[in-house]
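Participant: Got a structure here, written out as structure tokens. Questions coming.
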Amino acid sequence: MWVSENNWISIFIVYIHVPTVVWTLSQCITESDCKCSTDEGTIDLSQLALPASSAPRFKDVAVKGVEGLSVSWNPCNKWTKPSSPSSQYKDCENIAACGTILTNNFDIGQQETAECYFNTTVERCVLAFTGKVYLDTEQSPKTFITLECDSSEEGQLESIGPSEKVDDSAHFPFKLHSKYACPRKSSLSAGSVLIIVFGSLLLAYIVAGILFNKFHRGATGKEVIPNINFWMDFPLLVKDGVAFSYQFCKKTCGGKRSSYESI
Ligand SMILES: *[C@@H]1O[C@H](CO)[C@@H](O)[C@H](O)[C@H]1NC(C)=O
């Protein structure tokens, strides 16, 4: 044979592993504040999120390249960061992402503004939030979170590079490494798919058969049922089949006892 047994095993293993390791995305659409739908299934961050409260899931992540700036983020649910009375900016009430410099809290992303989009350069889903308009920039700051599927991580938020100014608005790029960032298909087992397919075929067979018999053959009454004679004989055929197998087995697999009987 041109392929040895070991090669078959490798081919089998590669075939099983390729779809789980090298999934490539080609779209990312907002489904809710908390979910992005992709061509590989839905990314749902709800299991990562802390409930609405004063605690974010990711607290005080230092922003790379910006001295003294840290960002806190909670996916899905609003949270509030308490501000001290002396703070000039106290803007982190019921938000998604909060930027903090010294005692000042800046709104850099509200939960309602969550938007999923596809970054074609990195071929990943990005979850973006827009914050409040600040007078000195006249643009809203934005938080971008690239969703990186990592089945070995519960959740880790990484600052990727300093904030950039794009069209006068500050952009804060992050990457979330998490198993909840993996797209998941609604889980239908192979068995249920088989049942659905078989059920649909059966229904199509019955409906098409009835229509054909009624309108093409002009059948009436129970004669409209497709292959009625076959189905009426069906229990008999099954009975014959079972009886035949039984007789056959009695002769061939019965061993000593059957040969004793045949004497
Ligand atoms: C896509 O991601 C790359 C790398 O993080 C970034 O440089 C680029 O600006 C992103 N593009 C868009 C449209 O967000």
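Participant: Among the β-branched types (Val, Ile, Thr) and within 30 Å of LEU25 (Cα to Cα): which single residue out of VAL207, VAL193 fits that description?
Facilitator: On the way: VAL207 fails: within 30 Å of LEU25 (Cα to Cα).
It is VAL193.
Participant: Quick check on SER32: is it of a type in the set (S, T, N, Q) and at pLDDT below 95?
Facilitator: Working: of a type in the set (S, T, N, Q): yes; at pLDDT below 95: yes.
Yes, satisfied.
Participant: Picking from LYS185, LYS222, LYS239, which residue would you name as being surrounded by fewer than 12 Cβ atoms within 10 Å (Cβ to Cβ), farther than 30 Å from GLY131 by Cβ and in contact (Cβ under 8 Å) with a residue 60 or more places away in the chain? I'd like the intermediate steps shown before the answer.
Facilitator: Numbers: LYS222 fails: in contact (Cβ under 8 Å) with a residue 60 or more places away in the chain; LYS239 fails: in contact (Cβ under 8 Å) with a residue 60 or more places away in the chain.
Unique residue meeting the criteria: LYS185.
Participant: For LEU48, indicate whether it is assigned by the TED database to the domain that holds SER151, within 17 Å of the chain's Cα centre (by Cα) and closer than 20 Å to SER159 by Cβ.
Facilitator: Details: assigned by the TED database to the domain that holds SER151: yes; within 17 Å of the chain's Cα centre (by Cα): yes; closer than 20 Å to SER159 by Cβ: yes.
Against the criterion (assigned by the TED database to the domain that holds SER151, within 17 Å of the chain's Cα centre (by Cα) and closer than 20 Å to SER159 by Cβ), LEU48 qualifies.
Participant: Scan THR113, THR130 and give me the residue that is without any contact (Cβ under 8 Å) to a residue 40 or more places away in the chain and either hydrophobic (A, V, I, L, M, F, W, C) or buried (at least 21 other Cβ atoms within 10 Å of the Cβ) (or both).
Facilitator: Values: THR113 fails: either hydrophobic (A, V, I, L, M, F, W, C) or buried (at least 21 other Cβ atoms within 10 Å of the Cβ) (or both).
None of the other options fit; the residue is THR130.
Participant: Would you kindly identify the strands (runs of 3 or more DSSP E) lying entirely within the range 92-198 that contain at least 2 residues that are away from the ligand (no atom under 16 Å from the Cβ)?
Facilitator: On the way: elements: 97-101, 104-109, 115-119, 124-130, 142-149, 156-159, 164-166, 169-178.
Once the strands (runs of 3 or more DSSP E) in the range 92-198 are filtered for at least 2 residues that are away from the ligand (no atom under 16 Å from the Cβ), what remains is 97-101, 104-109.
Participant: Against the conditions (1) within 20 Å of CYS28 (Cα to Cα); (2) surrounded by fewer than 20 Cβ atoms within 10 Å (Cβ to Cβ); (3) among the hydroxyl-bearing types (Ser, Thr, Tyr), where does SER169 fall short? Just the number, please.
Facilitator: Condition (1) is where SER169 drops out.
The values are calculated or read from the model by the stated rules, or taken from the named source; none is laboratory data. Quick caveat: nothing in here was measured; it's all calculated off a predicted structure. Note that we place each Cβ from the backbone using ideal geometry, even for glycine, and neighbour counts take in every protein chain shown.
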